[in-house]
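K.L.:
Sharing a structure here in C-alpha cells format.
Where a number appears in this text, it was derived from the coordinates with a stated rule and is not lab data. Only a predicted model underlies this, so the values are computations on that prediction, with no experimental measurement involved. With ideal geometry, Cβ positions are generated from the backbone for all residues, glycine too; neighbour counts draw on all protein chains shown.
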Amino acid sequence: MRINGAFKKFEPLRIQFLPRVEEANKSQLFFTPALGFNIHNGLMAGISFSNFFMLKKNFEFSITPLYGFESNSIAGVADFNYTRFFNT
C-alpha cells in the first residue's frame, strides 16, 4: 500500500493484455479484443476493459466500447457491480 502521494489507498496498477492469474496485492486492469454483431450496427470491433478474472472483488467492472462498421457509430456495453461480503 502506498503511504505517500495523491493515491494513498490504491495498490499499484498493473495493465495486462488478456486475463491472467490475479495478484491479490495489486489492482489489475485487463484488456482484450472484442467483436460483436447486430442488425443496426453490423459488424462491431473494439476493446474490452475489466478488473476481474477469477478472484472475487467488492467492485467489479467491464467496459466494452465498440465501433459499428455498418452505422459508422460508437456502440458498446458497460457493467458495474458492487458486492458486500459478510463474515459468517
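K.L.:
Report the dimensions of region 13-82 along its three principal axes from the alpha-carbon atoms, largest first, rounded to Å.
P.N.:
Result for region 13-82: principal-axis Cα extents of 43, 23, 17 Å.
K.L.:
What residue among ASN51, PRO33, ALA78 has its Cα farthest toward the positive end of the dipole of region 13-82, where the charges are +1 on Lys, Arg and -1 on Asp, Glu, each on the Cβ?
P.N.:
Toward the positive end, the furthest listed residue is ASN51.
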